Amino acid sequence: MRGVTFLGERKLELAEFPDPTPGAGEVVIAIKASGMCGSDLKPYRAAAGAAAALGLGKVSGPVIAGHEPCGIVAAVGPGVGERTARVGDRVMVHHYAGCGVCRHCLSGWTQMCADGSVVYGVTGNGAHAPFMKVPAYTLVPLPETLSFATGAAISCGTGTAYAALRRMKVSGTDTIAIVGQGPVGLSATQLALAMGARVIALDVSSERLMRAKEFGADAVIDPKMGDPIAAIKDLTRGVGADLSLDTSGTADGRLVTVRAVRPWGTACFVGEGGNVTLDVSPDMLRKQLTIIGSWTFSTIIQAECAAFVADRKIDVEHLFTHRWQLPQADEAYRLFDQQTGGKGVFLM
């Protein structure tokens, strides 16, 4: 089979790989949808390759990209019981593998494995290919009412947004400022609205702000057009947002996220990489501010997110502005690299 590999410096290759065969405790997934995520752009752009770009370990040889997998179980290895996986099951993949016995793995947080983890699409072969081999414990059922594309989104970007909102305990009494309206930020806007919150969406892209408004954001702000903190205070009777979420991963975006929040509020970071410099006393201490980091989600939360989306009939597939085939990968990533539009997905 052929799979997409990132070469760095905005180059990729559709390379040949052996068709995978499941070993003990493993399954092979026939991939039906493989989403494109903003964190893919770090190895795509970097000279050092995927693992070095994200700081997630060492690799030897080419690795198939794609960490938003969704498809159908095509083959089951020895030792995998029917209750775990059967050929034909519709599944998402929690895109990490760990030791399986530490407290993080046992609670579904395999990415935090005490012995280190494999990150599919970065340090292990991912989903930008017709087939993908994973441990059976990484599988998360895909509800029958959800499309494979929706399952791919939940497998990273949308699931990441859901887990952050869940950690902040978003409710109908909250106003939340969401900084960055790329795929993760727009997912957060969509989900927070479904949770009853009032959403203020921020981005420096007019196209993305238009999308946020289309998705139902109560207000949109372009930080380039004036003071975003003043604009948020104007919308919140001078006090600031109850909650804020940074999906941009930029220093400026993170600073806005912290300063947008009222006293006793909570700010959350999910955007990968980079730094931020805070003036600790006014930005944190004297506001009694809580700052949290949220890194993707557990298998349990991934399943919960899928149920939330299905039960509330949230149109997650509306996130996708572009649908591609694998031979179009070079064109797909060149467009995605511009970071002005919506989300892309490879369909197979």
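The values are calculated or read from the model by the stated rules, or taken from the named source; none is laboratory data. Note that the structure is predicted; figures quoted are calculated from it, not measured. Methodologically, a virtual Cβ is constructed for each residue, glycine included, from the backbone with ideal geometry; neighbour enumeration extends over all protein chains shown. All accessible areas refer to the heavy atoms of the entire protein, side chains included, with ligands and DNA or RNA removed. Shrake-Rupley method; radii C 1.70, N 1.55, O 1.52, S 1.80 Å.
One line per residue, one yes/no per condition, for (1) under 20 Å from the mean Cα position of the chain (by Cα); (2) in contact (Cβ under 8 Å) with a residue 40 or more places away in the chain:
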position	(1), (2)
G61	no, no
D89	no, yes
T145	no, yes
G159	yes, yes
Y162	yes, yes
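Can you tell me which residue in segment 324-348 is most open to solvent (accessible area, probe 1.4 Å), limited to those that are acidic (D, E) and at pLDDT 95 or above? Selected residue: E331. Only one of the numbered conditions (1) open to solvent by less than 70 Å² (accessible area, probe 1.4 Å); (2) farther than 23 Å from L146 by Cβ; (3) touching a Phe, Trp or Tyr at 6+ places or on another chain (Cβ under 9 Å) is violated by G274, and that is (3). For segment 123-140, indicate whether the set of residues that are of a type in the set (V, I, T), touching a residue at least 40 places away in the same chain (Cβ under 8 Å), farther than 24 Å from D311 by Cα and open to solvent by 10 Å² or more (accessible area, probe 1.4 Å) is non-empty. Yes, there is a match, as at least one residue in segment 123-140 is of a type in the set (V, I, T), touching a residue at least 40 places away in the same chain (Cβ under 8 Å), farther than 24 Å from D311 by Cα and open to solvent by 10 Å² or more (accessible area, probe 1.4 Å).
Selection over segment 202-214 of residues that are touching a strand residue (DSSP E or B) at 6+ places or on another chain (Cβ under 6 Å) and without any contact (Cβ under 8 Å) to a residue 24 or more places away in the chain gives a count of 1.
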